[in-house]
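Working notes, structure below.
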Amino acid sequence: MQWTVRLEARTSAGEVKTTELVTFSRPGVVGTLAEIGLMLAESKTLLAKLQASMLCGQVAAYAACHRACTACGVLQPLKDRRTRRLQTLFGTVEVEAPRFKVCGCRRATPLAEVTVSPVCALLTARCTPELERVQAELGARTSFRDAARILETLLPVSLATHESVRTRTHAVALRIEAADRQAAAEIMAVRDEPDKAAAADANRPVVMLDGAYIRAVPGHQVRNFEAICGKVEREGHATRRFALVRSVTEQPHALLRAALQDQGWREGKSVTVISDGDPALPALVRSATGGPVEYILDWFHLSMRVHHVEQVMHGLCALEPPPLASLDLAQIDVERLRHLLWNGDHAIACEALGRVVSWAKDAVAPNEPAAEAKARRLVARCTELCRYIESNEGALIDYGQRYRAGKPISTSRAEGTVNQLVNARMNKCRQMRWSPRGAHRVLQVRAAVLDGRFGQHAILLAA
Ligand SMILES: [Zn+2]
């Protein structure tokens, strides 16, 4: 049995041109399941032929249309025929790019010969925007090598190597960043009516920030470098992720401002920041917005430190026989910690911690080495928690109240972002090493892909 695929092209003038693309042959009666239907290799041939036919037809029509002089309408004489290669998702196509002599009516001096190539003006890049976009999206989702392999397996794509995937991912990242910078520059301050301003303030954007470490390429001055990952959330808006490697970001503020602007933030409006105790993170938001910032210490990080104290106390209580005097009182203090901090009573929590520390220092019998070690650890943990509370005093809130109001109190969602953005692509199970610049660029594309923003850049990317 034989199948022939013909392509019928009809111009707007009604002219029809038929081209035979491919012919597939198979035995009349199939022997196995594997012989049924179109095969991958056949489909690749078909797609490549179809692409070449469509593309050459379009380019030829374009050249013909641009041959007439724009001033007098006379057909300009042909100078020579050259060719250009264009890489596409469906193969590399060689197209004719004729050069025309510029019409005499538009020449400054009649003898000087000037040529024009309309096709070269049309083909502004060596590959189609679609090929670039697909390579960048796959490159952001998986390793460059795997992305190249996937493309090559499924499509008659132009030579796709991991280098080309990387180059195009980087190129797209630069464009996303440029678009972000532009968006950030266009943010305007707005003056709301007082009641509207109050409503906007109640529903202010929440920026959740967290850091992640990425293994650096050998030869880089440090073993690991940090990427700042975050998420901006606001009721009624789609969540927006962002990530940056600070050391190589030209304008970190612009990226953050663009993410905020996407959430309806305007110059001078307040923002809530939730992060761990690293003061650099809220400082970044503060300097990016230049407006009021409410900083909240992440409940998860605080709760982990309380958990450490509870664990050591638990170990002490488990010793048989109970080695310490007045263990019960200290135990009650430790058990109250979580409740006190949850309700914003951090001053009382610090007093309780102080009592536990002085008790643990006094109460240990010197002839009990196991108990003494545990008590020392308890002192260390309590002191650590107390310092953490004191150094973040301004950022401690009544977590319970905020939680009951349905507002976020933890960066756990930002940690999810770290996993999605950084770990899944760059760390876990992958012996990958990155240059800060390379990581930063992949993160730009990856954040856009995960947000579903990537499609929105289509028009921009085609430019
Ligand atoms: Zn002319």
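The values are calculated or read from the model by the stated rules, or taken from the named source; none is laboratory data. Since the model is a prediction, treat every value here as computed from it, not as a measurement. Neighbour counts run over all protein chains shown; Cβ positions are idealised from the backbone, glycine included. The area values use the complete protein model at the heavy-atom level, side chains included, leaving out ligands, DNA and RNA. Shrake-Rupley method; radii C 1.70, N 1.55, O 1.52, S 1.80 Å.
Residues in the stretch 312-360 that are surrounded by 16 or more Cβ atoms within 10 Å (Cβ to Cβ) and at pLDDT below 80: Pro323, Leu324, Leu327.
Just one of the listed residues (Leu122, Leu89) is open to solvent by 70 Å² or more (accessible area, probe 1.4 Å), in contact (Cβ under 8 Å) with a residue 60 or more places away in the chain and away from the ligand (no atom under 16 Å from the Cβ), namely Leu122. Examine the stretch 100-117 for a residue that is within 29 Å of Leu46 (Cβ to Cβ) and touching a helix residue (DSSP H, G or I) at 6+ places or on another chain (Cβ under 8 Å), and state whether such a residue exists. No, every residue in the stretch 100-117 fails to be within 29 Å of Leu46 (Cβ to Cβ) and touching a helix residue (DSSP H, G or I) at 6+ places or on another chain (Cβ under 8 Å).
Which residues, taken from the stretch 125-137, are without any contact (Cβ under 8 Å) to a residue 60 or more places away in the chain and of a type in the set (Gly, Ala, Ser)? Residue satisfying the conditions is Ala125 alone. Residue by residue through the stretch 16-62, note down the ones that are open to solvent by less than 70 Å² (accessible area, probe 1.4 Å) and polar (S, T, N, Q). Of everything in the stretch 16-62, those that are open to solvent by less than 70 Å² (accessible area, probe 1.4 Å) and polar (S, T, N, Q) turn out to be Thr19, Thr23, Ser43, Thr45, Gln51, Ser53. Of the residues examined, Glu235 is one that is modelled with pLDDT under 85 and either outside any loop (DSSP other than H, G, I, E, B) or more than 19 Å from the chain's Cα centre (by Cα) (or both).
Among the residues of the stretch 13-21, is any acidic (Asp, Glu), away from the ligand (no atom under 16 Å from the Cβ) and assigned to a loop (DSSP other than H, G, I, E, B)?
yes
Exactly one residue out of Val95, Val114 is more than 31 Å from the chain's Cα centre (by Cα) and more than 16 Å from the ligand (Cβ to nearest atom), and it is Val95.
For the criterion of being within 16 Å of the ligand (Cβ to nearest atom) and of a type in the set (Ser, Thr, Tyr), Thr83 fails. Of all residues in the stretch 226-253, those that are farther than 16 Å from His440 by Cα and free of Cβ contacts under 8 Å to residues at least 60 places away in the same chain have Cβ atoms under 9 Å from Cβ atoms of residues that are among the basic types (Lys, Arg) and open to solvent by 50 Å² or more (accessible area, probe 1.4 Å), 6 or more apart or on another chain, in Arg234/Arg204. Going by the conditions given, is Ala71 free of Cβ contacts under 8 Å to residues at least 40 places away in the same chain, of a type outside the set (D, E, K, R) and within 16 Å of the ligand (Cβ to nearest atom)? Yes: the conditions hold for Ala71.
When the stretch 22-68 is limited to residues that are part of a loop (DSSP other than H, G, I, E, B) and closer than 30 Å to Ser12 by Cα, the one that is farthest from the ligand (Cβ to nearest atom) turns out to be His66. Among residues of the stretch 98-111 being within 16 Å of the ligand (Cβ to nearest atom) and either assigned to a strand (DSSP E or B) or of a type in the set (Gly, Ala, Ser) (or both), the one that is least open to solvent (accessible area, probe 1.4 Å) is Phe100.
Conditions tested, residue by residue: (1) among the acidic types (Asp, Glu); (2) outside any helix (DSSP H, G or I).
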residue: Ala254; (1), (2): no, no
residue: Asp278; (1), (2): yes, yes
residue: His307; (1), (2): no, no
residue: Glu310; (1), (2): yes, no
residue: His314; (1), (2): no, no
residue: Asp328; (1), (2): yes, no
residue: Val334; (1), (2): no, no
residue: Leu340; (1), (2): no, no
residue: Gly344; (1), (2): no, yes
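Every condition in (1) in a helix (DSSP H, G or I); (2) out of contact with any helix residue (DSSP H, G or I) (no Cβ under 7 Å at 6 or more places or on another chain) is met by Cys350 except one, and the failing one is (2). Given (1) over 30 Å from the mean Cα position of the chain (by Cα); (2) modelled with pLDDT under 80; (3) buried (at least 18 other Cβ atoms within 10 Å of the Cβ), identify the lone condition not met by Leu378. Failing condition for Leu378: (2).
Listed here are the residues, each with its yes/no results for (1) polar (S, T, N, Q); (2) over 28 Å from Tyr213 (Cβ atoms); (3) surrounded by fewer than 23 Cβ atoms within 10 Å (Cβ to Cβ).
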| residue | (1), (2), (3) |
| --- | --- |
| Asp362 | no, yes, yes |
| Ala373 | no, yes, yes |
| Asn392 | yes, no, yes |
| Leu396 | no, no, yes |
| Tyr403 | no, yes, yes |
| Met426 | no, no, yes |
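Listed by position, the helices (runs of 4 or more DSSP H) enclosed by the stretch 394-463 that each have at least 1 residues that are within 24 Å of Val172 (Cα to Cα) and modelled with pLDDT under 90 are 412-418, 436-451, 458-462. Residues that are more than 16 Å from Tyr388 (Cα to Cα), open to solvent by 50 Å² or more (accessible area, probe 1.4 Å) and out of contact with any helix residue (DSSP H, G or I) (no Cβ under 7 Å at 6 or more places or on another chain): does the stretch 280-290 have at least one? Scanning the stretch 280-290, I find at least one residue that is more than 16 Å from Tyr388 (Cα to Cα), open to solvent by 50 Å² or more (accessible area, probe 1.4 Å) and out of contact with any helix residue (DSSP H, G or I) (no Cβ under 7 Å at 6 or more places or on another chain), so the answer is yes.
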